[in-house]
Amino acid sequence: MYEWLKALHVISIIAWMAGLLYLPRLYVYHCQATVGSEHSETLKVMERRLLHAIMNPAMLSSWIFGLWTAFELDAWDQGWFHAKLAMVAALTVLHMMMGSYRKAFEADANTRSERFYRMFNEAPTLLMIAIVIFVIVKPF
Ligand code: HEM
């Protein structure tokens, strides 16, 4: 049961991370596209499908199987789990921010620069590195 839960958790986080790393990249390309162009309209469809069909369900199942695994492991009072949970909460905030940026692009009302999205794209990567170290190395 425990191994199955952890396997489903890792499958979920791989899908979630794939979206968190790809969506800001689409925003970089979207900044280069002319408002109203066919290219801009195609990017809107890609962004909407990536967020709604992949990232939202993957984030939900990452939390469900992660908390269920924590329950089985009784990890609640362990330092590594607290640190991991703080990083995952930050990752969830980034996910929500990406959702609001998508709405701005959908309304042709994006005001942020290409450089902003290139910088923003680094944040999920750095959090992912810290999360994996906390959960596998368990430094405290
Ligand atoms: C969404 C909330 C999350 C919760 C509540 C959570 C909780 C957990 C728990 C309790 C375990 C079991 C640890 C063990 O068996 O020693 C685990 C395993 C794991 N988690 Fe998460 N996690 C979450 C999100 C994430 C994210 C976002 C990532 C990656 C970016 C991640 C990566 C992993 C990995 C790689 C394992 C397997 C570790 C191993 O086999 O030793 N988790 N998670």
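Overview of values
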| read-out | value |
| --- | --- |
| Where a residue in the range 93-118 is hydrophobic (A, V, I, L, M, F, W, C) and its partner, wherever it lies, is open to solvent by 70 Å² or more (accessible area, probe 1.4 Å), with Cβ under 9 Å and at least six apart | A104/T111; A104/R112; A109/K103 |
| Any helices (runs of 4 or more DSSP H) falling wholly within the range 1-105 and containing at least 2 residues that are away from the ligand (no atom under 13 Å from the Cβ), open to solvent by 60 Å² or more (accessible area, probe 1.4 Å) and over 17 Å from A130 (Cβ atoms) | 2-32, 38-49 |
| Hits in the range 22-61 (condition: of a type in the set (D, E, K, R) and free of Cβ contacts under 8 Å to residues at least 60 places away in the same chain) | E38, E41, E47, R48, R49 |
| Filter result (among the acidic types (D, E) and open to solvent by 80 Å² or more (accessible area, probe 1.4 Å)) within the range 106-140 | E122 |
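The values are calculated or read from the model by the stated rules, or taken from the named source; none is laboratory data. Note that the coordinates shown come from a computational prediction; the quantities given were computed from them, not determined experimentally. Heads up, the Cβs are rebuilt from the backbone with ideal geometry, glycines too, and the neighbour counts pull from every protein chain shown. All accessible areas refer to the heavy atoms of the entire protein, side chains included, with ligands and DNA or RNA removed. Shrake-Rupley method; radii C 1.70, N 1.55, O 1.52, S 1.80 Å.
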